[in-house]
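Trainee: The structure that follows is given in the form of structure tokens.
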Amino acid sequence: MFVLVLSLFTVQAFAYQEVPYHFGFKKSKGGKLPSIDQEGFKGIVDKHGAIFLGDTSKKELFLTFDNGYENGFTPRILDTLKEKKVPAVFFVTGHYVKDQPELLKRMTAEGHLIGNHSWSHPDMTKVPNARIKEELDKVKEAVSQITGQKEMQFLRPPRGIFSERTLAVSKELGYTNVFWSIAYKDWDTKVQRGGKYAYDNVIAQLHPGAVILLHAVSKDNADALGQIIDEARRQGYEFKSLDQLRATPPLAVP
């Protein structure tokens, strides 16, 4: 039975084209919706149920963080989320899992989800299906042992690189690939410009159904997070958990 299942997994996955894409999008301005219409990959993103936007008829926001390593700011981020009563998803790597078990425990204890960012952060379009499964299984199992979180349904592809094959393989393994519709260059710890810079970049892109990507290594993000949440709420937005989005499929964007 195991051989049969593995064989089906391998055959089905290799039926898909291996064209690598780097996720990108046309940014929202003035509350208008962002777009992936011109990027060349909208068809496969939709086909495999990946998330880019939520329900664009509702003023809902979904907050996500990438945690490849700890730079000292996640405790402050968690403090802010707890104070503001905002849920988030933290996408973690194997390095983070090994290095920060207590922060992982705190994330789940305070009601946040932990998502998969792969064990070693490879370009998944360059590794075979079995390696993709190993990368994802190791994170899921290690997080479960540390936190008790049994399910792990969300995946953020390392480096934002994907193909139809990687979307198909990860979907078959039970994952929803999560991209984003609000982001800015925040990951370079040597180029931090202050909390106002982070605030201005995020608020300028707000739109209904937004999936916000922030990197937890950024001091700017930690400094600005509370103000971002307050201003979004002032504009009538609500922060929702990503599992609420998956339970209610988003509307199609024309």
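Trainee: Could you say whether any residue in the range 217-239 is part of a strand (DSSP E or B), in contact with a Pro (Cβ under 7 Å, 6 or more places away or on another chain) and open to solvent by 10 Å² or more (accessible area, probe 1.4 Å)?
Mentor: Yes: one or more hits.
Trainee: Identify the residue in the range 110-129 that is in contact (Cβ under 8 Å) with a residue 12 or more places away in the chain and among the hydrophobic types (A, V, I, L, M, F, W, C) and, among all such residues, is farthest from LYS85 (Cα to Cα).
Mentor: Result: MET124.
Trainee: Still on this model: Do you know which of the residues in the range 87-145 that are at positive phi and out of contact with any Asp or Glu (no Cβ under 6 Å at 6 or more places or on another chain) is surrounded by the fewest Cβ atoms within 10 Å (Cβ to Cβ)?
Mentor: Among those residues, the one meeting the criterion is GLY111.
Trainee: In the range 160-208, which residues are aromatic (Phe, Trp, Tyr) and either surrounded by 21 or more Cβ atoms within 10 Å (Cβ to Cβ) or under 16 Å from the mean Cα position of the chain (by Cα) (or both)?
Mentor: Correct list: PHE162, TYR175, PHE179, TRP180, TYR184, TRP187.
Trainee: All but one of (1) at positive phi; (2) in contact with a helix residue (DSSP H, G or I) (Cβ under 7 Å, 6 or more places away or on another chain) hold for ASN177; which doesn't?
Mentor: Only one criterion in (1) at positive phi; (2) in contact with a helix residue (DSSP H, G or I) (Cβ under 7 Å, 6 or more places away or on another chain) is unmet by ASN177, namely (1).
The values are calculated or read from the model by the stated rules, or taken from the named source; none is laboratory data. None of the values given here were measured: they were computed from a predicted structure. Methodologically, a virtual Cβ is constructed for each residue, glycine included, from the backbone with ideal geometry; neighbour enumeration extends over all protein chains shown. Remember, those area values only see protein heavy atoms, side chains included, never the ligands or the DNA or RNA. Shrake-Rupley method; radii C 1.70, N 1.55, O 1.52, S 1.80 Å.
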